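The values are calculated or read from the model by the stated rules, or taken from the named source; none is laboratory data. Only a predicted model underlies this, so the values are computations on that prediction, with no experimental measurement involved. Cβ sites come from the backbone with ideal geometry, for glycine too, and all protein chains shown count toward neighbours. For the accessible areas, the whole protein counts, side chains as well, though only heavy atoms, and no ligand, DNA or RNA atoms are used. Shrake-Rupley method; radii C 1.70, N 1.55, O 1.52, S 1.80 Å.
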Amino acid sequence: LVAGGLAGAIAQLLTYPLDMVRARISTDMAGRYHNGIVAAIVTVARDEGPAALFRGLLPSLIGIVPYVGIDFAVYDTLRPHMPRNERGEPTVVGKLCAGGFAGACGQTVAYPLDTVRRVLQVQDVKVKHSGVRYGGMLEALVGIGRRDGIVRGLYAGLTVNIVKVIPSVAISFVCFEAVKGALDGASASHARGESG
């Protein structure tokens, strides 16, 4: 669990400028970022400073911990209750259902931080229109909650995101179980070979 969270945090850190630029490109109505990814990265770094490429990173890193933790906790809680095949192993359908439900739970808990991340990423582009600029994660979390409410502000778009997350996490858990089973089998086979 710790290794998974750390791996997710490192991956997020290394790829975050791409996520930030993707958000900018998708909300760019003025055509400032239409010359491609590299040009967009250069434009943001030049106009706003290199740190702007990491705006919103903190809520992403903080959000990984409950998201991954809840995913695995819910999945592991549901695992004993999954339907079993003739070998007594959980069925693929059971794993898909448990994984999808786990993903929905994790996403629901972590989603406000994802909302804050997106707002921080594009606020300098949109501040001209809304007049609201947040200084950081906590200010944005409280400000969005006060201005738009918890459901309409911090959880705006959650339903669409859950529709995306359910199959994604469900498939991830089935793959995780398959790879884990293969590695466990290889490890047991190797151990038998050494002791014989």
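Points worth noting:
- Net charge over other residues, Cβ less than 11 angstrom from the Cβ of Glu48 (K, R count +1; D, E count -1): +1
- Note that segment 111-116 has calculated 3J(HN,Hα) couplings of 4, x, 5, 5, 4, 4 Hz, one per residue in order, obtained from phi through the Karplus relation 6.51 cos²θ - 1.76 cosθ + 1.60 (θ = phi - 60°); glycine and proline are x.
- Near the amide H of Tyr134, within less than 5 Å, lie no amide hydrogens of residues on another chain or at least 5 residues away, with H placed in the peptide plane.
- Nearest-10 value in Å² for the accessible area of Phe54, using the 1.4 Å probe: 80 Å²
- Charge context of Gly63, other residues only, Cβ under 14 angstrom, K/R +1, D/E -1: -1
- Largest GNM mean-square fluctuation across Gly99, Gly181, Gly136, computed for the chain with C-alpha springs under 10 Å, falls on Gly181.
- Note on segment 11-54: with neighbouring protein chains present and a 1.4 Å probe, carbon and sulfur make up 68 percent of its accessible heavy-atom surface.
- Residue-level accessible surface for Val92, protein heavy atoms, 1.4 Å, Å²: 80 Å²
- Accessible-area ranking of Arg79, Arg152, largest first, probe 1.4 Å: Arg152, Arg79
- Positive-end residue, the chain charge dipole about Cα centroid, Cβ charges, pick of Val132, Ser26, Gly36: Val132
- Helix 158-195 axis, angle to the chain major axis (alpha carbon atoms, nearest 10°): 40 degrees
- Solvent exposure, largest accessible area first (probe 1.4 Å, DNA, RNA and ligands not counted), of Thr159, Thr27: Thr159, Thr27
- Sulfur and carbon atoms: percent of accessible area, segment 80-162 [1.4 Å]: 62 percent
- Between helix 57-78 and the chain: long-axis angle, C-alpha atoms, 0 to 90°, nearest 10: 30 degrees
- Candidates per trypsin sites (Lys or Arg not before Pro) in segment 87-126, loop by DSSP, up to 12 other Cβ within 10 Å: Arg87
- Given +1 at the Cβ of Lys and Arg, -1 at the Cβ of Asp and Glu and no other charges, the dipole of the chain around its Cα centre is 580 debye to the nearest 20.
- Rolling a 1.4 angstrom probe over the protein heavy atoms with all chains in place gives the chain an accessible area of 58 Å² per residue.
- Order of exposure, largest accessible area first, which applies to Leu154, Leu58 with probe 1.4 Å: Leu58, Leu154
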